[in-house]
Amino acid sequence: MSFRTRLQGFVDSRQKIQIWYGMGCHNTVTGRVLSVDHDHIDVESYSHESDGQIHIRRILVPLHLILHIDITSAEVSEDDEGALVTEKESKGSGSSVSVIDLPDAPRGYAVRILSQLNSQYSNRFSRMTAGPGGIYFSCDGSVWFIDGNGQLSEYARIRGNSTISGLRFDRKGVLYVATIQGTVYKIDPNKSGRILAQLDGNLTGGGTFLSDIAIGAREEVYVSNFPSNTGGVFKIDKTGEYEVLLGGPGHGTQGLLLERDGFLWCLEHASGCVVKRSLDGREVARIQVAESESFNFADGYDGNLAMDSLDRLYITAGRAGTVIRVNREGRAETFLTGLVNPTGVAFGHDGALFVLEAGRSRVLKVAALDKTERSESAKALS
């Protein structure tokens, strides 16, 4: 989709946006795009003046001077300094401004930015999961909650210099968190937490770099270890005792997902496959989804997995900048393209898909527009 086509979309939707433009110094204008021609966009701008009135004016902005378009900051006020919530670039900064770029999605799907995060934390956003009341994701040692309006609040924070690499809720609303350093935490709904286990990654081979986590119906916990193309999967019981479920060279397990039928899906970096396993580690099916080079190797934050109500599997491929979908017949296809280091995917309670795009520091919402599929899987975007 061309930039001009996207601008025309703002005309059709009458969506309020903020535009950064200029050469040398940066100017901003907030309002709605009335029209787009070959060289300019016509913006109906709103401003609060000292007399307390809202003044409306028309501004023609040359297309070649547009640096950045922000959907969210036109609607959300700036938060406290250092907060993770909605970013507003300073007028003197030209280091991260760029024309807004939404990923390409299949026909019948709509994509919008739910929340623009602070670019200071770019590529430090890792996993995403559904939980009580909405969607949760991690950044460094903190877990953040995002509601349906894109508002953020910090849910929990791990003390020290820990880096979260996996998070999932069980059916009781208990949050389980894995860190790359090998610690697995259990956090109750009242926010009281404790260490469930301290894992030794050498037992699966290659050292310790935990990558993802999945929770079973009996409170058993599965944790992947991804120090390199070795590694594997640990199984932890509810007392904190653990064993190696899968280990050794050639696995390089990153993402994990425990499906409703009781099988464990594992993303193997070394092969570029998702592997369906029984809970004793036995391989049931293997599906090639991408080349190994499609997934990030330097960190373990890739291959986040989610499943929709039609049992289709969604996988982030950070290095390729895509989200891959695997249908029930085992056929893999590219679902979203044009992303920059996507590290998280999760389905909300309304059936919409949320994507954590770490490279652009934002959360996207993707929903089906087709009525049949919407009734089964996803509602239209509000």
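The values are calculated or read from the model by the stated rules, or taken from the named source; none is laboratory data. Fair warning: this is a prediction, and the values are worked out from it, not measured in the lab. Reconstructed Cβ throughout: ideal geometry from the backbone, glycine too, with neighbour counts over all protein chains shown.
Residues in the range 15-38 that are modelled with pLDDT under 80 and touching a Lys or Arg at 6+ places or on another chain (Cβ under 6 Å): His26 only.
The numbered conditions (1) hydrophobic (A, V, I, L, M, F, W, C); (2) under 14 Å from Phe295 (Cβ atoms); (3) touching a Ser or Thr at 6+ places or on another chain (Cβ under 6 Å) are all true for Val233 except (2). Residues that are exposed (fewer than 14 other Cβ atoms within 10 Å of the Cβ), out of contact with any Phe, Trp or Tyr (no Cβ under 6 Å at 6 or more places or on another chain) and at pLDDT 95 or above: does the range 196-203 have at least one? Yes, the range 196-203 has at least one match.
The residue pairs whose first member lies in the range 104-120 and is β-branched (Val, Ile, Thr), whose second member is modelled with pLDDT of 85 or more, and whose beta carbons are closer than 7 Å, counting only pairs six or more residues apart or on different chains, are Val111/Pro103; Val111/Ala105; Val111/Leu364; Val111/Val366; Ile113/Arg362; Ile113/Leu364. Considering only the range 279-290, I want to know if a residue exists there that is buried (at least 24 other Cβ atoms within 10 Å of the Cβ), touching a residue at least 40 places away in the same chain (Cβ under 8 Å) and part of a strand (DSSP E or B). No, the range 279-290 has no match at all.
Quick check on Phe226: is it in contact (Cβ under 8 Å) with a residue 60 or more places away in the chain, buried (at least 20 other Cβ atoms within 10 Å of the Cβ) and in contact with an Asp or Glu (Cβ under 9 Å, 6 or more places away or on another chain)? In short, yes. Cβ-Cβ distances below 8 Å connect the following pairs, each with a first residue in the range 170-185 that is touching a residue at least 12 places away in the same chain (Cβ under 8 Å), a second residue that is of a type in the set (Phe, Trp, Tyr) and part of a loop (DSSP other than H, G, I, E, B), and a separation of six or more residues or different chains: Ile180/Phe209.
Filtering the range 324-359 to residues that are among the β-branched types (Val, Ile, Thr) and in a strand (DSSP E or B) leaves Ile324, Val326, Thr334, Thr337, Thr343, Val345, Val355. The single condition among (1) in a helix (DSSP H, G or I); (2) modelled with pLDDT of 80 or more that Ile41 does not meet is (1).
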